[in-house]
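Input: one structure, supplied below.
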Amino acid sequence: MWFYPFIFGPQALILIPALLLAIYAQWRVRSTYTRFSNVDSFSRITAQDAAHRILVSQGISDVSVESVQRSLGDHYDPRARVLRLSAPKSTSIAAIGVAAHEAGHAIQHAANYGPLWLRTVIVPVAQFGSRLAFPLFFMGLLAQIGPLITAGIVLFSAAVAFTLITLPVEIDASRRAVAALRGNMMLSEEEMGGVRKVLSAAALTYVAAAAMAALQLLMLLSVGRRR
């Protein structure tokens, strides 16, 4: 992003608010996760056990729980039907909250939650668009070829759509996580407050990503019309 001012000129200033929000979101999620990683649950239940109990309580028996080595690499794979956790044996509030969130995605999948299905479908298009959008756009600017500029904007629009669709998916997964933890009485209300703080911090990163993508698209549209 450091090269934006040199290529887009004053239009690049539109990205500053989103950039500041992204920096703040990353700081908040890491500081909040670190804080509650050092707070163990009173029940001493592990993140893996919490996820498993949530799945069982929802009648989900075909989703396995595995470990992933990457820190904060927790995710649910709807194609493989696998829930991967970076700290499955941890008894911390942070790890349990994240595990419950990923279990929330599995619940969404089992319930055929529309936005999750749409996000899964659009992933290949969004990945393709994010890789080619800027190269095509830059080539169009340099060569003054309008169709290339338009193609870059259209492809990047797919990536923006992905970030916007991701927002309700992640917020809903956190809502389901909190409800499942409370319904299964795995944590006290005080501990649930920590879970909500961890999940709220994580949600802010998705808000920042959506804001950045949307403002980048506005910048491309502005430059494209001017050229």
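The values are calculated or read from the model by the stated rules, or taken from the named source; none is laboratory data. Only a predicted model underlies this, so the values are computations on that prediction, with no experimental measurement involved. For neighbour counting, all protein chains shown are included, and Cβ atoms are generated from backbone atoms with ideal geometry for every residue, glycine included.
Select from the stretch 61-81 the residues that are among the small types (Gly, Ala, Ser) and not in a loop (DSSP other than H, G, I, E, B) and list them in ascending order.
Within the stretch 61-81, Ser64, Ser67 meet the criteria.
What number goes with the only condition from (1) surrounded by fewer than 21 Cβ atoms within 10 Å (Cβ to Cβ); (2) of a type outside the set (A, V, I, L, M); (3) in contact (Cβ under 8 Å) with a residue 12 or more places away in the chain that Phe137 does not pass?
(1)
Scan Val121, Val65 and give me the residue that is within 18 Å of the chain's Cα centre (by Cα) and more than 22 Å from Leu204 (Cβ to Cβ).
It is Val121.
Quick one: which residue in Val82, Val123, Val154, Val98 is farther than 30 Å from Met219 by Cα, surrounded by fewer than 18 Cβ atoms within 10 Å (Cβ to Cβ) and β-branched (Val, Ile, Thr)?
Val82
A follow-up question, please. Restricting attention to the stretch 67-78, which residues are out of contact with any helix residue (DSSP H, G or I) (no Cβ under 8 Å at 6 or more places or on another chain) and either aromatic (Phe, Trp, Tyr) or modelled with pLDDT under 90 (or both)?
Matches in the stretch 67-78: Gln69, Arg70, Ser71, Gly73.
So how many residues does the stretch 129-154 have that are under 30 Å from His101 (Cα atoms) and in contact with a helix residue (DSSP H, G or I) (Cβ under 7 Å, 6 or more places away or on another chain)?
So the count comes out to 2.
Going through Leu116, Leu142 one at a time, which residue ends up being assigned to a helix (DSSP H, G or I) and buried (at least 17 other Cβ atoms within 10 Å of the Cβ)?
Leu116 is the lone residue from the list that is assigned to a helix (DSSP H, G or I) and buried (at least 17 other Cβ atoms within 10 Å of the Cβ).
Looking at the stretch 183-196 only, could you name the residues that are surrounded by fewer than 18 Cβ atoms within 10 Å (Cβ to Cβ) and closer than 23 Å to Arg28 by Cα?
Glu189, Glu190, Met192, Gly193, Arg196
Go through the stretch 216-227 and count every residue that is among the charged types (D, E, K, R) and either crowded, with 20+ Cβ neighbours inside 10 Å or under 19 Å from the mean Cα position of the chain (by Cα) (or both).
0
Additional query: Working carefully through the options Ala158, Ala94, find the one that is assigned to a helix (DSSP H, G or I), of a type in the set (Gly, Ala, Ser) and at pLDDT 95 or above.
Ala94
Give the residue, chosen from Ala213, Ala208, Ala202, Ala180, that is in contact with an Asp or Glu (Cβ under 9 Å, 6 or more places away or on another chain), closer than 30 Å to Thr34 by Cα and crowded, with 16+ Cβ neighbours inside 10 Å.
Ala202
Considering Gly194, Gly224, Gly152, which residue is at pLDDT 95 or above and either in a helix (DSSP H, G or I) or over 17 Å from Ala126 (Cβ atoms) (or both)?
None of the others qualify; the one that does is Gly194.
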